[in-house]
Structures are given as structure tokens and as C-alpha cells.
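Student: First the structure, then my questions, so here it is.
The values are calculated or read from the model by the stated rules, or taken from the named source; none is laboratory data. A quick note: this is a predicted structure, and the numbers were derived from the prediction, not measured. All Cβ positions, even for glycine, are placed from backbone atoms using ideal geometry, and neighbour counts span all protein chains on display. Surface areas here come from the heavy atoms of the whole protein model, side chains and all, with no ligands, DNA or RNA. Shrake-Rupley method; radii C 1.70, N 1.55, O 1.52, S 1.80 Å.
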Amino acid sequence: MKLQQLRYIWEVAHHDLNVSATAQSLFTSQPGISKQIRLLEDELGLEVFARSGKHLTRITPGGEIIIREAGEILRRAEGIKKIAQEFSNQRKGDLSIATTHTQARYALPPVIQGFIEEYPDVSLHMHQGTPMQISEMAANGAVDFAIATEGMELFNDLLMMPCYRWNRCVVVPKDHPLAQGQELTLEELAEYQLVTYVFGFTGRSKLDEAFQSKGLTPKVVFTAADADVIKTYVRLGLGVGIIASMAYDPKVDTDLVALDGSKLFRPSITRLGFRKGTFLRGYMYDFMNRFAPHLTKEMVDRVVAHQGSRTEIAALFEDIELPTY
């Protein structure tokens, strides 16, 4: 059994059983991957993949377990590499982050700019997706960090740490009736067509909860994952926009008015998560501290050492006043 063979079955399983696509991603040949998978199956005396002719059709029940264990072995092997890199060159390596558009566009740029200036030999990779996709990437070890507001609580393999609180604002054109300065209510908002985030994105659940608590049904006519797209359709007159407050830029969005939504919706918390057992290199600690100053090395190590329930880990942060955006 070779580490390369385990990597092949893991990658094939995560490329929808497409050996050709796997070969392209690994810069190798399709026949080579197929041969190594067959050799592994012969050694194990078990088929990892069921086949129809030359095509892989599904993962066998035994294959599911083997692939899961292969993933663990590959992550441990990667951890060994990181340990060696940390002691051989503490300022060189890779850091991969999965996050949403809002975080990538509005919260992370100054953090990443400062980080790259400090660590020019660290290759930084950013992946964007839904909170569920982001969390799954972190849980599978495909990325080092996941940064999101929702979704990560569904993955027990992730250690999640609160970074900051944020709320929403309501954006309308300057000539809109809601822009006249009166205090906004949920009842008023419910009368208008709304343009906001796709469910599961950027604290959308808090918005739905607020309307439901008043027995109201919002008229959501358009949803998007991107705050900039939402603002575009507000400008077109499609509806009233509800976005993260950080996504409104008074210097850029001069044709829009932002109305405070902090009294209408409960704040959301953006969290940073990583897989349990992740070997954290020095620059990874530094990145977390740049993104959330209360995430010092000492605090992160306490979370790692605690390995408790979500409630118990949350208790470690009870005395910390999270910044609000």
C-alpha cells in the first residue's frame, strides 16, 4: 500500500468518480491512476469502486470506510510536512482559506495585504463558496481555515472561534420613500419587495427569524450570494436591499442610502474554524490574530487543548468583548 494510491482513491472520490478530471488535477495520466487503484484493490482484496465496464459508477460500502481512513492518513502526512517546514523555514509555506464573498470582499483585504507584506514567501490561496461548501472544505482538510457566519456548526470535526459581530443595513435609492429619515420597522419592510442574500449565506437566518417573530412574511423577490450584485438590483429598482453593514461603502455607494438595521435584526457572529488535529504553523497563528486580535496564540492553544463541546468552547470567550462591524 502506497501513499500515492491512497491519494488517488481520495481524489477520485472527490472528483465525482471522474478519473480523467482527477488525472488533470494531479498532473498525471488516467491509465496510471486506474492501474494504481486496481493494484490497491488487489492488495486489499476489496473493490473500493464499483464499475460498469471501464467506468466507475459508485463507491462500495467498504470503499466508503477505506476512503475516509485514507483521508485521515493523507491529512496526517500533510501535518508531518508542515511540522518539518515549521522547523526548517518558519516563514515559508502555504495557507488556504475558504470563505464567502462578503468576507473576501469587505473583511479580509486589509488582513491579507498586511499578511502578504509580512510573509512574502507564504502562498495564500482563497476559495469562495457557500457556508456549507466552506465548512466541508475545512472538515475534509482541503483548506486550512474556514471563515463564515453560518454552516460550520454542522461539522463536528471543526474547532470554531468567534471573530466579530456584525449587523445588517437596509439599502435604498436616495429617492425611495424609506430614505426620508423615519425610524424603520419590520412591518414597513414587509410591505416592499426585498432583495437579499440566498438562504444559508451571510446570516440570512437571522433576517428570516426577525420577520417570523412578528408573524410577517417578507416578499423576497431576488436573492444572491454577492452583496455587490444585491446593490446592483436595488439600483435597478427591483426592491429594497438588505445586506451586511460592512458591504455598504459610503464613498462608492453614493447613489444609495443605508438605513441602520441593528434594531430590527439580531447581530450575527463571523467565526473562523479549522479541523481538529490541524498542525498550526507560526504564520497561521499570526493570520488568525490579524483577523481577530483576541485570537492570540495562547487563546487558540486553549481552544485546541480544550477539545470540548461547542458550548464549552464558547465559554472560553465569554469574557471577551467581540468587536462589532
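Student: Collect the residues in segment 252-278 that are of a type in the set (S, T, N, Q) and within 20 Å of Thr149 (Cβ to Cβ), keeping them in residue-number order.
Tutor: Ser262, Ser268, Thr270
Student: On to the next question. Need pairs with beta-carbon distance below 8 Å; first residue over 13 Å from Val48 (Cβ atoms) and open to solvent by 20 Å² or more (accessible area, probe 1.4 Å) and within segment 3-22, second outside any helix (DSSP H, G or I) and of a type in the set (S, T, N, Q); sequence gap 6+ or separate chains.
Tutor: These pairs meet every condition: His14/Asn140.
Student: Looking at segment 62-91 only, could you name the residues that are touching a helix residue (DSSP H, G or I) at 6+ places or on another chain (Cβ under 7 Å) and open to solvent by 50 Å² or more (accessible area, probe 1.4 Å)?
Tutor: If the condition is that a residue be touching a helix residue (DSSP H, G or I) at 6+ places or on another chain (Cβ under 7 Å) and open to solvent by 50 Å² or more (accessible area, probe 1.4 Å), then Ile73, Gln90, Arg91 are the ones that fit.
Student: Given the criteria over 25 Å from the mean Cα position of the chain (by Cα), assigned to a helix (DSSP H, G or I) and at pLDDT 90 or above, does Glu47 qualify?
Tutor: Here the answer is no, as Glu47 does not meet what is asked.
Student: Hey, among the residues in segment 228-277 that are closer than 30 Å to Ala139 by Cβ and among the small types (Gly, Ala, Ser), which one's surrounded by the fewest Cβ atoms within 10 Å (Cβ to Cβ)?
Tutor: Gly277
Student: Please pick out the residue among Gly237, Gly215, Gly241 that is over 17 Å from Arg271 (Cβ atoms), assigned to a strand (DSSP E or B), at pLDDT 90 or above and not hydroxyl-bearing (Ser, Thr, Tyr).
Tutor: Gly241
Student: Could you list, in sequence order, all residues of segment 170-225 that are without any contact (Cβ under 8 Å) to a residue 12 or more places away in the chain, closer than 24 Å to Leu236 by Cβ and of a type in the set (S, T, N, Q)?
Tutor: Gln180
Student: Considering only residues that are aliphatic (A, V, I, L, M) and open to solvent by 10 Å² or more (accessible area, probe 1.4 Å), which ones fall in segment 278-312?
Tutor: Passing the criteria: Leu280, Met299, Val304, Ala305.
Student: OK, next. Tell me the residue from Tyr248, Tyr233, Tyr192 that is farther than 30 Å from Ile134 by Cα, of a type in the set (Ser, Thr, Tyr) and out of contact with any Ser or Thr (no Cβ under 7 Å at 6 or more places or on another chain), please.
Tutor: After ruling out the rest, the residue left standing is Tyr192.
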